[in-house]
Ligand SMILES: [Zn+2]
């Protein structure tokens, strides 16, 4: 996803996010998105299957297959679901719409994503406000990646999260503490900690099932691994190691506990030159999945 955001666009978006934080008086985490919307004079509305009313004001601007949706805000909902949009931003009215039926934990990310659309000047021409919802798929992927990039910069306060992470011990306990400080989800805090704390050091994050309890976190097709993220240092030194190799380490070092700290130990991965490298493993089960942080020692 990162690769889709050009270096110049990254810099521009970083600057736009810094300006928002400055306009808010460089507050301490967590970021209150309602204050961000105040500063930007943005309005937020929720829609849902049982309340499509808010979509009426968008529907009249959008044509699908040449037909206006004005009389049928319900159709608008179908359009959004089909496009897999969980929110959108309407430039003319400076208004953000969010699908209320999404899990509340996701709202914060989506709101930050839509806020980014609203401040990136070149997004305006791609988004609603025109009378047709026609987006070139590759363009769409690019502006979505840019909005996600901006959302991350915003709710993790630009470079500040990396600095705060570096001030903490590299343990799961620190990840949980930072989650509390920043008010973002445990998984998003986890990814960021792995990627940003000290990118040169080989470290990884794995979200998987519990190796001893198939009812915790097994994928619908029985797959044990959900997501794997690695630091730049890890990718450079262990290009041949995949998520299932890392899962083997988790399996060897997991306890039978169902909740809380469940992975603990030191294990070995072989780097690209054939040297054995020790990794400290620290994993936590939130009773749905196991999140394991691993770091070379
Ligand atoms: Zn978007």
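FYI, it's all coordinate maths here, none of it is from the lab. Model, not experiment: these values are computed from the prediction. Here Cβ is always computed from backbone atoms with ideal geometry, including for glycine, and neighbour counts include all displayed protein chains.
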Worksheet item: Which residues, counting only those in segment 82-107, are within 16 Å of the ligand (Cβ to nearest atom), exposed (fewer than 13 other Cβ atoms within 10 Å of the Cβ) and farther than 21 Å from residue 152 by Cα?
Response: 82, 83
Response to the item:
Scanning segment 145-195 for residues that are without any contact (Cβ under 8 Å) to a residue 12 or more places away in the chain and more than 21 Å from residue 292 (Cα to Cα), the one nearest to the ligand (Cβ to nearest atom) turns out to be 159
